[in-house]
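These notes concern the structure reproduced below.
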Amino acid sequence: MSAGLQRPGTLRIALLAFALSHALGLAAMAFLLRPGMDPLAFSAAERAGYVASHATAWWLGWLPWRLAALCNLWLGVEFLRWAKRAENAAAQRSALLALLWLVIAAVPEQWAEWQLVTTFIAGAKGDVTVWNRDWALYAGITGVWANLGYTVTTGYWMRSVVALRRRSVMAPWLERALLGAFVLSGVLTLGATLASVSPGLSGLEMPIAPASRTTGTIGISLRRRAGISRRSTEGTFAKGKDSPILSADMFGGDHAQVTPC
């Protein structure tokens, strides 16, 4: 392994901090954040209720991800320093591009995470529909946009390592699997986010569809409609014991037949 990678306090320590912070973030997501962020397991009202009543747990759940963003930045700087010490132009270029994508991903992500632990908590006590739309925005930024940026960043870090060591850190298939896992995570997050704001999903009912059709439309052709007598149309909807109704064999001829009840 390169001397730069083995030097204490530099890239090796940054890699360890990167791994630990993300492990803490995943644990916090499973135990503290999931009831307030999983639209496939909880309805919008249930998630809003959890955030409103567990504000401290919700705030603590996002703290490891704030720390993970700092570790990402630290690791990106260390990759660049390592490449400069080695005076490797290809590695420096990859490290610079990784740092650029890291900033592109992290800036909007940190704004969204700040909103999630401030105004988002207060909004959970108000209109659930508005709160759920806000969640879709923040989840899209943190789970889709940031995930895309970090995936590209990781790819450039791998290229930087290859340029410095003349070989991959891990088997090529494992590198592809790692990047694929990042992409899949973003796709799943996008699907869950869309489900959280789509009518009929995540415990929501269709907001405008009636329980059953009540218009009485039965598809009579124009020709047959024209043949219905005035007495038929007037008597069909009359109330009373002797009111007529349309017979079951009304399509047997050119005209609708009326029979008394």
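Okay, residues lined up against (1) closer than 19 Å to VAL183 by Cα; (2) outside the structural domain of PRO35 (by TED's automatic domain parsing); (3) touching a Ser or Thr at 6+ places or on another chain (Cβ under 8 Å); (4) among the basic types (Lys, Arg):
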site: VAL103; (1), (2), (3), (4): yes, no, no, no
site: GLU109; (1), (2), (3), (4): yes, no, yes, no
site: PHE120; (1), (2), (3), (4): no, no, no, no
site: GLY126; (1), (2), (3), (4): no, no, no, no
site: GLY149; (1), (2), (3), (4): yes, no, no, no
site: THR153; (1), (2), (3), (4): yes, no, no, no
| query | Only one of (1) outside any loop (DSSP other than H, G, I, E, B); (2) under 27 Å from VAL128 (Cα atoms) fails for PRO39. Which number is that? | reply | (1)
| task | Among the residues of the range 72-102, count how many are over 18 Å from ALA17 (Cβ atoms), part of a helix (DSSP H, G or I) and touching a residue at least 12 places away in the same chain (Cβ under 8 Å). | result | 9
| request: Can you tell me which residue within the range 80-111, out of those that are in contact with a Leu (Cβ under 6 Å, 6 or more places away or on another chain) and of a type in the set (Gly, Ala, Ser), is surrounded by the most Cβ atoms within 10 Å (Cβ to Cβ)? | output: ALA95
| request: Consider GLY76 carefully, then state whether it is within 28 Å of LEU116 (Cβ to Cβ) and over 20 Å from the mean Cα position of the chain (by Cα). | output: yes
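Being of a type in the set (Asp, Glu), modelled with pLDDT of 95 or more, in the same structural domain as GLY155 (by TED's automatic domain parsing) and surrounded by 15 or more Cβ atoms within 10 Å (Cβ to Cβ), is that true of even one residue in the range 56-79? Steps first, please.
Pass one, the range 56-79, residues of a type in the set (Asp, Glu): 78.
Then drop every residue that is not modelled with pLDDT of 95 or more, which leaves none.
No, the conditions are met nowhere in the range 56-79.
The values are calculated or read from the model by the stated rules, or taken from the named source; none is laboratory data. As the structure is a prediction and not an experimental result, all values here were calculated from the model. For neighbour counting, all protein chains shown are included, and Cβ atoms are generated from backbone atoms with ideal geometry for every residue, glycine included.
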